[in-house]
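Take a look at the structure set out below.
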Amino acid sequence: MWAFLDTKNNEEKIYIFISDFRIFLYTKSDLIFIFGPVKDYVGEALDFLKDMVIIVVIVLVIRTFFVMPFQINGQSMYDSYFDKEFILVDRLSYRNIPLFWSLKDIERWDVVVFDPMLWWGVKYFIKRVVWLPGEQIKIEWGKVFIKEVWAEEFYELEESYLMEQNMGNTFIRSEDGTVTYDIPENRYIVLWDNRMYSTDSRNCFQSCATGTPFMNESQVVGKIFMTLGYFNFRSFSFEHPVLGISTTPRFFSSPSHHSF
């Protein structure tokens with residue numbers, strides 16, 4: 001774009017040239033000044049919004065289908081997991097994929113995050129899967145027993161991941177201290193590791209809406225696969241502010257499964 005104007009003394013004309021969002025002022029004999037670049041604010045705003053939309057879509061896709069972050073609230077899984085720790089949950093492995101079914105079945109001892117369907121507002125619980133569909137279970141005087149599918153007798157489960165004070169202390173309210181369950185198809189029994197101080201399948205998560213002690217497969221969000229710990233900004237360390245213990249990230253060494 002070209003333009004020109006006269007100077008006051010009318011001796012020489014000043015020319016204006018606009019190109020590439022820059023303004024050039026010059027005379028026939030010399031360049032006077034360059035203004036610029038003149039920014040295309042509308043274009044930059046649109047580019048910024050476009051980038052934000054792409055980022056939001058990517059985050060939503062990752063959270064919905066692949067990985068979902070959580071922060072633990074409470075000591076129900078102590079001392080496998082601690083209050084305030086950040087964890088990442090694998091949402092893909094248990095998901096039913098067309099033509100491939102699920103990539104991985106829920107296994108005994110998996111630590112999962114699921115929706116307990118409570119009426120009092122808690123959206124997610126973290127628990128350990130102890131009994132599987134089709135099995136018979138028995139809790140008797142603080143110990144847990146299992147009769148697997150087609151088995152003839154119960155045998156006691158070995159739970160070395162429990163703290164010493166919780167071993168042999170899986171109690172349930174009954175007249176003789178014993179209760180048995182037949183687990184339906186696609187249902188699971190889940191327990192917290194901190195057996196003496198937690199609510200789980202033994203008492204239906206305290207008034208759960210389903211009215212059963214069983215966790216449905218459709219309620220499962222996913223399995224924990226990474227523990228990121230908790231950083232205390234007050235002390236600027238990985239020390240728990242209440243327990244005084246180390247909460248350094250354990251990453252893939254998370255105790256999300258147990259073998260016996």
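The values are calculated or read from the model by the stated rules, or taken from the named source; none is laboratory data. All values derive from a computational prediction rather than experimental measurement. Cβ: placed from backbone, ideal geometry, glycine included. Neighbour counts: every protein chain shown.
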Taking the criterion of being loosely packed, with under 12 Cβ neighbours inside 10 Å, modelled with pLDDT under 80 and not assigned by TED's automatic domain parsing to the domain that holds Val129, would at least one residue in segment 245-259 satisfy it? yes
For Pro116: the one exception among (1) surrounded by fewer than 16 Cβ atoms within 10 Å (Cβ to Cβ); (2) touching a Cys at 6+ places or on another chain (Cβ under 9 Å): (1)
Log entry, pairs with first residue in segment 227-240 being over 24 Å from Val111 (Cβ atoms), second being of a type in the set (Asp, Glu) and surrounded by 10 or more Cβ atoms within 10 Å (Cβ to Cβ), beta carbons closer than 9 Å, six or more apart or on different chains, reads none
Residues that are of a type outside the set (A, V, I, L, M) and in a strand (DSSP E or B), drawn from segment 134-154: Gln136, Lys138, Glu140, Gly142, Lys143, Phe145, Lys147
Matching option when the condition is of a type in the set (D, E, K, R), in a loop (DSSP other than H, G, I, E, B), surrounded by fewer than 19 Cβ atoms within 10 Å (Cβ to Cβ) and at pLDDT 85 or above, among Glu175, Glu158: Glu158
Do we have Glu185 as within 16 Å of Trp131 (Cβ to Cβ), in the same structural domain as Tyr81 (by TED's automatic domain parsing) and of a type in the set (Asp, Glu) here? yes
State yes or no: is Asn194 modelled with pLDDT of 85 or more, more than 24 Å from the chain's Cα centre (by Cα) and under 23 Å from Phe82 (Cα atoms)? no
Being closer than 30 Å to Glu164 by Cα, β-branched (Val, Ile, Thr) and modelled with pLDDT of 90 or more narrows Val57, Val112 down to just Val112
Look at Thr212 and say whether it is modelled with pLDDT under 90 and either in a strand (DSSP E or B) or not assigned by TED's automatic domain parsing to the domain that holds Val89 (or both). no
The correct count of residues that are modelled with pLDDT of 90 or more and on the phi > 0 side of the Ramachandran plot in segment 130-146 is 1
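Here's the yes/no breakdown for (1) closer than 22 Å to Phe114 by Cβ; (2) modelled with pLDDT of 80 or more; (3) among the aromatic types (Phe, Trp, Tyr):
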position	(1), (2), (3)
Glu148	no, yes, no
Asn169	no, yes, no
Ile183	yes, yes, no
Ser198	yes, no, no
Asn203	yes, no, no
